[in-house]
Amino acid sequence: MMYYLLLFIILIFFIFMAIFLYKYLIDILKHCKIKLNKHIVYSMLVLSIISIFGSIVVIFLSTFWSMLSLFILHLSIMSCLIYLLNIFFKKNKLWNKIYIFLPLLLSTIIIIYGYINMHNVVSTSYEVHNNKVNNDYKIILIADLHYGVSLNNKQLKKYCDEISSLNPDIVILAGDIVDEKTTKKQMQDAIKLIGSIKNNYGIFFIYGNHDKNTYSRNPKYKTYELISELNKNKITILEEYMQNINDDIVLIGRGYDNRLPIEDILERVDTNRFILSVDHVPQEYTRNIENGVNMLLSGHTHAGQIFPVGLIERIFKTSDQIYGIEEHEDFAAIVTSGIAGWAMPIRTEKHSEYVIINLSK
């Protein structure tokens, strides 16, 4: 029921965007002193509807179409905001001269910022303390690379070298490293580069909702080819499986589908040891806490990626957490915004990142 309500609200939102885009186009024509007749008015209305709803269809086709689509969508949002401001400033002469151009200017700035923001990968660090560990550990969390959307070989190598220089103990790949747009060659390149990261106890991978080409009728690589590449580069696949780290940490990888209850997985685990679970989607926090999990690492949300998606995710609680760290006694949950993004090389919400977790007693 909640998802139907969300879809209804999104539909209403797009209808309003089409209305404001139509109003903005009419105002531009008036500003240019073009005489309006019913044919032009109807044409602008049809153009606005096609532009808004067409943008949703073509937004995933290519970099050009995604940037154009987002520009149109932001143009309608900015025109709405400018019209609201116009209520207060319409008597100002300077405002009346420039306000008609502001939606175009602001939309252009947002798209340029989003492109730069997507490609500017930063490191985010968290300090986590727990008396169950006997040693200090540096854990690297990488998620949502969606290789081929924004990062290329040279850029990914740069970040893998950066991570290697940190001398990490454990490297976690929390899903969606590749997706439906990733070619077989790109998949192989990405896994090879990530597999080259220097570490002390291993690189561990779980599946996200895109890694297996779930949403593609004609996948560019097969799941067994991905598995073969991971094995070749000594990356351990954790799917409903446990791994002991240094006789100190129990590392659990959750599957995206075909999941066992966390209670079944942990029934053979000594809860006096530090239990680290990796789940692509930030979910089941209460059950993890009740069953003795000490740390849960996730991605998936992209922290919204494109405004106002993050706001909608928070309002409708699509996940237990959207971004950052939440701590509850002996439990810490960390959600990364991802080292890249899905479908389009633009990020207008949080930054792109890989996460450094310093775990100590």
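Table: residues versus (1) open to solvent by 30 Å² or more (accessible area, probe 1.4 Å); (2) in contact (Cβ under 8 Å) with a residue 12 or more places away in the chain.
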site	(1), (2)
263	yes, yes
316	yes, yes
324	no, no
333	no, yes
345	no, yes
Filtering region 30-56 down to residues that are of a type in the set (Phe, Trp, Tyr) and without any contact (Cβ under 8 Å) to a residue 24 or more places away in the chain yields 42
Residue 140 vs (1) part of a helix (DSSP H, G or I); (2) crowded, with 17+ Cβ neighbours inside 10 Å; (3) not hydroxyl-bearing (Ser, Thr, Tyr): all pass except (1)
Across (1) of a type outside the set (Gly, Ala, Ser); (2) more than 16 Å from the chain's Cα centre (by Cα); (3) surrounded by 20 or more Cβ atoms within 10 Å (Cβ to Cβ), residue 301 clears everything bar (2)
Any chance residue 194 is more than 25 Å from residue 343 (Cβ to Cβ), open to solvent by less than 60 Å² (accessible area, probe 1.4 Å) and touching a residue at least 24 places away in the same chain (Cβ under 8 Å): no
Note to self: Taking the criterion of being touching a Ser or Thr at 6+ places or on another chain (Cβ under 7 Å) and basic (Lys, Arg), would at least one residue in region 184-202 satisfy it?
What the structure shows: yes
Those helices (runs of 4 or more DSSP H) completely within region 22-127 that have 1 or more residues that are crowded, with 17+ Cβ neighbours inside 10 Å are 38-58, 63-89, 102-119
- request: Kindly indicate whether residue 276 is touching a Phe, Trp or Tyr at 6+ places or on another chain (Cβ under 7 Å) and either modelled with pLDDT of 95 or more or among the charged types (D, E, K, R) (or both).
  value: no
Flagged pairs (Cβ under 7 angstrom, 6 or more apart or on separate chains; first in region 17-29, over 19 Å from residue 70 (Cβ atoms); second outside any helix (DSSP H, G or I)) are 29/36
By residue number, the members of region 209-246 that are closer than 30 Å to residue 132 by Cβ, at pLDDT 95 or above and open to solvent by 20 Å² or more (accessible area, probe 1.4 Å) are 234, 236, 237
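The values are calculated or read from the model by the stated rules, or taken from the named source; none is laboratory data. Just so it is clear, the structure is predicted and the values come from calculations on it, not from any experiment. All Cβ positions, glycine included, derive from the backbone under ideal geometry; neighbour counts span all protein chains shown. Note: areas computed on protein heavy atoms with side chains; ligands, DNA, RNA excluded. Shrake-Rupley method; radii C 1.70, N 1.55, O 1.52, S 1.80 Å.
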